[in-house]
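Asker: There's a structure below that I have some questions on.
Bear in mind that the values in this text are calculations on the coordinates, not laboratory data. Note that the structure is a prediction, hence the values are computed from the model and not measured. For neighbour counting, all protein chains shown are included, and Cβ atoms are generated from backbone atoms with ideal geometry for every residue, glycine included.
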Amino acid sequence: MPDQVTGGFATEPAPLLLEQFNQRKRPVTGSWHVDETYIKVRGEWKYLYRAIDSNGGTIEFWFSDRRNLTAAKRFLNKALKRHGRPERIVIDGSQTNREAILSCDTADRLRDRSRRHLKPIRIRQSAYLNNRIEQDHRAIKRRIKPMLGFQVVASARAILGGIEMIHMMRKGQAKYACNPQPSLAKQFDLLTA
């Protein structure tokens, strides 16, 4: 039965494995790099929002039809919900990403009921400081290029989720009690067990 949200199927293997992987994911640092990159689906450009930490570990990713304030806020809210508040976010010259960070940060501080003073997230806006994530985009693009684009948004979402998961596995972002550095095959075995 098709899933109403994504138009895909709720039991696709890549999203299920990704969810298992996210439960084993190591904590991220307090300094994030946020950017979006373009992906072609049926001849139209779509946007893959991505965030990495200062160690190069993938924090979060989100595939969107549009590149606007709403999409940027959805992505940031997803990242903040899963990983908490960073101290600093580095972005390129995008005003949309800056507005999204300010909006999400303000909403997050208003929702905080702990009565402690939360410092605002510092925003560093520099195209050159964001080279770290631009280089990380290359690994994803290198996997997508031979595919010659996608034909359906739902399949693009599932395949990109799988590509991102393998990219995180290669970076050693999951914690395993039995073996600190298992091979990719062993990591898949541990996820499906």
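Asker: As a test, work out the antiparallel percent of DSSP beta bridges whose residues both lie in the chain, rounded to the nearest 5.
Answerer: Values: 18 of 26 bridges.
That works out to approximately 70 percent antiparallel.
Asker: Right, next: For Lys119, give me every one of the lysines with a C-alpha distance below 19 angstrom, ignoring sequence neighbours fewer than eight places off in its own chain.
Answerer: By straight Cα distance, Lys119 reaches Lys81.
Asker: If you don't mind, there's one more thing I want to ask. Rounded to the nearest 0.05, what FRET efficiency is calculated for Asp189 and Ser31 with R0 set to 35 Å and r the Cβ-Cβ distance?
Answerer: After rounding to 0.05, the efficiency reads 0.60.
Asker: I want the local charge near Asp53. Using Cβ-Cβ distances under 12 Å, sum +1 for each Lys or Arg and -1 for each Asp or Glu among the other residues. All intermediate terms of the calculation are to be shown ahead of the outcome.
Answerer: Numbers: positive: Lys25, Arg26, Arg50, Arg88, Arg132, Lys171; negative: Glu60, Glu87, Asp136.
Net charge around Asp53: +3.
Asker: Please check: in the Gaussian network model of the chain (C-alpha springs, under 10 Å), which one of Thr58, Thr70, Thr37 has the largest mean-square fluctuation.
Answerer: So, out of Thr58, Thr70, Thr37, the one fluctuating most is Thr70.
Asker: I'd like the trypsin sites (Lys or Arg not before Pro) in region 37-91 restricted to DSSP loop residues with at most 12 other Cβ atoms within 10 Å, sorted by number.
Answerer: Values: sites: Lys40, Arg42, Lys46, Arg50, Arg66, Arg67, Lys73, Arg74, Lys78, Lys81, Arg82, Arg88; in loops: Arg42, Arg66, Arg67.
Qualifying residues, ordered by number: Arg42, Arg66.
Asker: Taking the square root of 5 times each eigenvalue of the Cα gyration tensor, what semi-axes in Å does the equivalent ellipsoid of region 34-138 have, largest first? The partial results should precede the final answer.
Answerer: Values: eigenvalues 116, 49, 29 Å².
Semi-axis lengths for region 34-138 are 24, 16, 12 Å.
Asker: Pairs of alpha-carbon atoms within less than 8 angstrom and 6+ residues apart define the contacts here; what relative contact order does the chain have, in percent? Don't skip to the answer; put the middle values down first.
Answerer: Numbers: 251 pairs, mean separation 50.8, N = 193.
Relative contact order for the chain comes out at 26 percent.
Asker: Using Cα springs under 10 Å in a Gaussian network model of the chain, which residue among Ala71, Ala174, Ala127 shows the largest mean-square fluctuation?
Answerer: Ala127
Asker: A follow-up question, please. Starting with the fewest neighbours, write out Tyr176, Tyr47, Tyr38 ranked by other beta-carbon atoms found within 10 Å of each beta-carbon.
Answerer: Tyr38, Tyr176, Tyr47
Asker: Same structure, new question: Straight-line reach from Lys186: which aspartates and glutamates have a Cα under 16 Å away, not including same-chain ones fewer than 8 places off?
Answerer: none
Asker: Right, here's the next one. Pick from Val152, Val90, Val41 the residue whose mean-square fluctuation is largest in a GNM of the chain, springs joining Cα atoms under 10 Å.
Answerer: Val152
Asker: With a/c under 1.5 counting as rounded, go ahead and sort region 110-167 into rounded, prolate or oblate using the C-alpha gyration tensor (a ≥ b ≥ c being the square roots of the eigenvalues; past the cut-off, prolate if a/b is larger than b/c, else oblate). Spell out each step's value before the answer.
Answerer: Numbers: a/c = 3.56, a/b = 1.81, b/c = 1.96.
Because a/c hits 1.5 or more and a/b fails to exceed b/c, region 110-167 counts as oblate.
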